[in-house]
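Structure record follows, encoded as structure tokens.
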Amino acid sequence: MNQRRSIRLSVVLSVQVITAAAFTAAWLQLPAVERVRLRAELSGRRAPAAVDIRNATPVTPTPRYDDPDVVSDEDLARVLHAILPRFPRQQLRPNFVEHALRAWGSRIEFTRNDLMSGPEMVDYLLDTGQYIASWGTESEPILQPREDGGIAVRWASDRSASVHHDHMLASLAEAGVSLDHFVSTPARRTTLREIFLESLRDFRPDERETEWSAMAFAAWLAPQGRSVWFNGDGREISFDQIAARLLRSHKRKGVCLGTHRVYSLMMLVRLDERFPGLISSRTRQAVLDYLTEVRDLIMAAQADDGSWPPNWPDGIQADSRRDPAEPIHRRVIATGHHLEWLAIAPRELHPPREDILRAARWLVDNVRRTPQSDIEEKYTFYSHVGNALALWRRTTPAAFWSRWREAHPDAEQPADEPGPIESGAPEQ
């Protein structure tokens, strides 16, 4: 009797072993995307992004040129003084902090208490306690822990949110913040890595805004040779796919007059130079062709005063199609952003040097003539002006300012308010 039971038990165990082996073999034969989907279905939870994050330090394109004819030390100091982060701590707009952070970096320390230093900016974005101290409980925290894991960033058009999808993440990357930096929410204390993984998991190629996702993903994934991963739906995502999404829309569409798309594409090309294989050779050529078209359009569209108009994709017809009610800050947006991507672009993608010089002179003059209160109201746009001009001196705002401040100890003192721009025709 015992012998029969032993035989039956052996048979059952053998069947289980064979079944398990067959299941394992079948599982291993499934494409990775199917394994991710199956895990999610079996658990009833969203799957994590299928990517191993080994690199914690972000990389960004380095500037190529040091051209004092584009901007002198004195003019660069004047522009950077105008974009010092003079932010009130109550109801502090995350979008302003993000733009200041990408320009000034995460380590800059200012001498005046009313200026927001780099570490304080990082803590404001990544420590919910700091955010609540500014906004109280009337606004939802900007960091949103998910029930099934991960931390998302709340982005919306209101003043208490990050305005664009993955803009905070891209700004932190450009500021050099490690994925090991702490993150504090009411639910738990963790690291920036969890926000990054959540962004990878939630990314969809058909989103309206992919400019900053492209920048953030490339900044951390390029150094480890990672160009393909799977999102939470088990869908394969690649930088070729992201680049194709950026190339697909009309040039006039997209954030900040379509210029962020241009910078993101230029960044992918530059990082592909440093980490070959980030994008395919075919995609690289498509991006370069696109950027060549952008160069030709801004050459044709540039105004006599050196500024680039908001309708720069109209090329030679830009002036005839100009909006007579166009506010001047839209030219600041276009001119500053174009100078920014050109500062990291190879010379073959440049318009004639005189075009670059005229654009830079227009920006410096605009900053000089614009009241400080107006610059602070439009801080996000003017921060790109400061960053672009610093790049043309092969430096960063923080590095230049630190050197300038050593030679000019009173550099951070308030400057005299410039006179108002003359009324009448739009500023030239």
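The values are calculated or read from the model by the stated rules, or taken from the named source; none is laboratory data. Just so you know, these numbers come straight off a predicted model, no measurement behind them. All Cβ positions, even for glycine, are placed from backbone atoms using ideal geometry, and neighbour counts span all protein chains on display.
Numerical summary
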| quantity | calculated |
| --- | --- |
| Residue among TRP212, TRP220 that is in contact with a His (Cβ under 9 Å, 6 or more places away or on another chain), hydrophobic (A, V, I, L, M, F, W, C) and part of a helix (DSSP H, G or I) | TRP212 |
| Cβ pairs under 7 Å, 6+ apart, first in region 359-381 and farther than 12 Å from ILE333 by Cα, second in a helix (DSSP H, G or I) and of a type in the set (D, E, K, R) | VAL364/ASP75; VAL367/ARG78; ARG368/ARG78 |
| Subset of region 283-314 that is of a type in the set (Gly, Ala, Ser) and under 26 Å from the mean Cα position of the chain (by Cα) - its residue that is surrounded by the most Cβ atoms within 10 Å (Cβ to Cβ) | SER307 |
| Residue in region 126-133 that is without any contact (Cβ under 8 Å) to a residue 12 or more places away in the chain and part of a loop (DSSP other than H, G, I, E, B) present | no |
| Residue match in region 262-279 (condition: touching a residue at least 12 places away in the same chain (Cβ under 8 Å), outside any helix (DSSP H, G or I) and touching a His at 6+ places or on another chain (Cβ under 9 Å)) | no |
| In region 134-181, the residues that are under 24 Å from GLN90 (Cβ atoms), under 20 Å from the mean Cα position of the chain (by Cα) and free of Cβ contacts under 8 Å to residues at least 60 places away in the same chain | ILE142, LEU143, GLN144, VAL153, ARG154, TRP155, ALA156, SER157, ASP158 |
| Residue among GLU354, GLU376 that alone is part of a helix (DSSP H, G or I), under 25 Å from the mean Cα position of the chain (by Cα), at pLDDT 95 or above and surrounded by fewer than 24 Cβ atoms within 10 Å (Cβ to Cβ) | GLU376 |
| Candidates GLU147, GLU120, GLU109, filtered to the one that is in a loop (DSSP other than H, G, I, E, B) and either modelled with pLDDT of 95 or more or on the phi > 0 side of the Ramachandran plot (or both) | GLU109 |
| Residue match in region 315-328 (condition: hydrophobic (A, V, I, L, M, F, W, C), surrounded by 14 or more Cβ atoms within 10 Å (Cβ to Cβ) and part of a helix (DSSP H, G or I)) | yes |
